[in-house]
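Worksheet for the structure shown next.
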Amino acid sequence: MSHSVVSAVDRLHEAHARILEQLSRVIVGQQEVIEELLISLFSRGHCLLEGVPGLAKTLLVSTLARSLDLSFSRIQFTPDLMPADIIGTDVLEEDRATGMRQSRFLEGPLFANVVLADEINRTPPKTQAALLEAMQERQVSVGRVQHALVDPFFVLATQNPIEQEGTYPLPEAQQDRFMFKVFVRYPSFADEFEIARRTTGLPTEEPRPVLSAADIIALQRNVREVPVSDHLIRYALAIVRQTRTGEKGVPDFVSDQLVWGAGPRAVQFLVVGAKARALLQGRAHVATEDIQALAAPVLRHRIVVGFAAESEGVTSDAIIERIIECTPAREDELSRDPRFQTIFAS
């Protein structure tokens, strides 16, 4: 194992502990959500957060930005929001001394390190689509000119699963740009007790920045340097390819309950996310448990449950769990299984 990978373990594990220390000054609980956000950040991915109002999604994102010494921008998505409102626009300026006029690009709120797209499903598809180029290419186009975004660039979008009136569900192509779909759930009794105690007293200590933008870019590069075995890539492929209905070797329950499966981006995010998770936990090697832990946040928004299965209460997470259960984790068992031999040969 290379010295660079070993030192990367120490750097990212230490950074993880320092970030958690700062977040704990403001945020109570939500450890799983925080871990998935950090994995996504250090993997150069984006996150879609879903949860009912009042679970501190906005506070979590802004606190994370402050802990990382990154510029933060919050965009409240509304039905009347236009693409130029988030990207920016060209304006005509006049030099009062010379009388000359010239065009200048006025940057929108998208030009920040951490962008919170609050209630992204409340704005029409035209404005939602304005994020596509930014998330994928890390640039925006205005007219014939491309404007590069700052690095690192991290989009965190929230959506409310309850109120559906007046909302525009994200199209599958846009959901696929998000590395994770993270469920923000209600806190435990102990966490909610601490929230009530802490937020009804005097103001708590503010978080301090512990990592700069340059530090984060270096750590993102370290994540890519982590080696991963061919078996683990094959294991990730085995899980993802079983979501594709109509393909050879796909389990019957998948064909019965799903109408759409995940594409190649799911495999890419599973592998790079597993690398980041291993480093955050202080390991220089990737294990099957890393891929299993990230399967749900990577796949849940990339598969579509059929109407009949959905009416029976079947969720995408339940299907993903069943797929993991029927996929051998050991290399010899996976390679010898006739069903997976069919999947790998297709």
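The values are calculated or read from the model by the stated rules, or taken from the named source; none is laboratory data. Note that the structure is a prediction, hence the values are computed from the model and not measured. Neighbour counts run over all protein chains shown; Cβ positions are idealised from the backbone, glycine included.
To keep it simple, each residue is scored yes or no on (1) hydrophobic (A, V, I, L, M, F, W, C); (2) under 25 Å from the mean Cα position of the chain (by Cα); (3) surrounded by 16 or more Cβ atoms within 10 Å (Cβ to Cβ).
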site: Asp191; (1), (2), (3): no, yes, no
site: Ile195; (1), (2), (3): yes, no, no
site: Arg198; (1), (2), (3): no, no, no
site: Thr204; (1), (2), (3): no, no, no
site: Val210; (1), (2), (3): yes, yes, yes
site: Val228; (1), (2), (3): yes, yes, yes
Among the residues of the range 280-300, is there at least one that is under 22 Å from Pro171 (Cβ atoms), in contact with a helix residue (DSSP H, G or I) (Cβ under 6 Å, 6 or more places away or on another chain), in a loop (DSSP other than H, G, I, E, B) and of a type in the set (D, E, K, R)? yes
Val142 passes all but one of the listed conditions (1) in contact with a Ser or Thr (Cβ under 9 Å, 6 or more places away or on another chain); (2) exposed (fewer than 11 other Cβ atoms within 10 Å of the Cβ); the exception is number (2)
Can you pull out every residue in the range 327-346 that is assigned to a helix (DSSP H, G or I) and hydroxyl-bearing (Ser, Thr, Tyr)? Ser335, Thr342
Residue satisfying all of: in the range 144-163; part of a strand (DSSP E or B) and out of contact with any Asp or Glu (no Cβ under 6 Å at 6 or more places or on another chain); modelled with the lowest pLDDT among these: Val145
Within the range 301-326, residues among the basic types (Lys, Arg) and not in a helix (DSSP H, G or I) come out as Arg302
Matching helices (runs of 4 or more DSSP H) fully within the range 170-278 where at least 1 residues are hydroxyl-bearing (Ser, Thr, Tyr) and modelled with pLDDT under 85: 189-199
Of the residues in the range 121-139, those that are buried (at least 16 other Cβ atoms within 10 Å of the Cβ) and either not assigned by TED's automatic domain parsing to the domain that holds Gly88 or not in a helix (DSSP H, G or I) (or both) number 1
Going residue by residue through the range 257-279, is there one that turns out to be farther than 29 Å from Ile343 by Cβ and outside the structural domain of Leu68 (by TED's automatic domain parsing)? yes
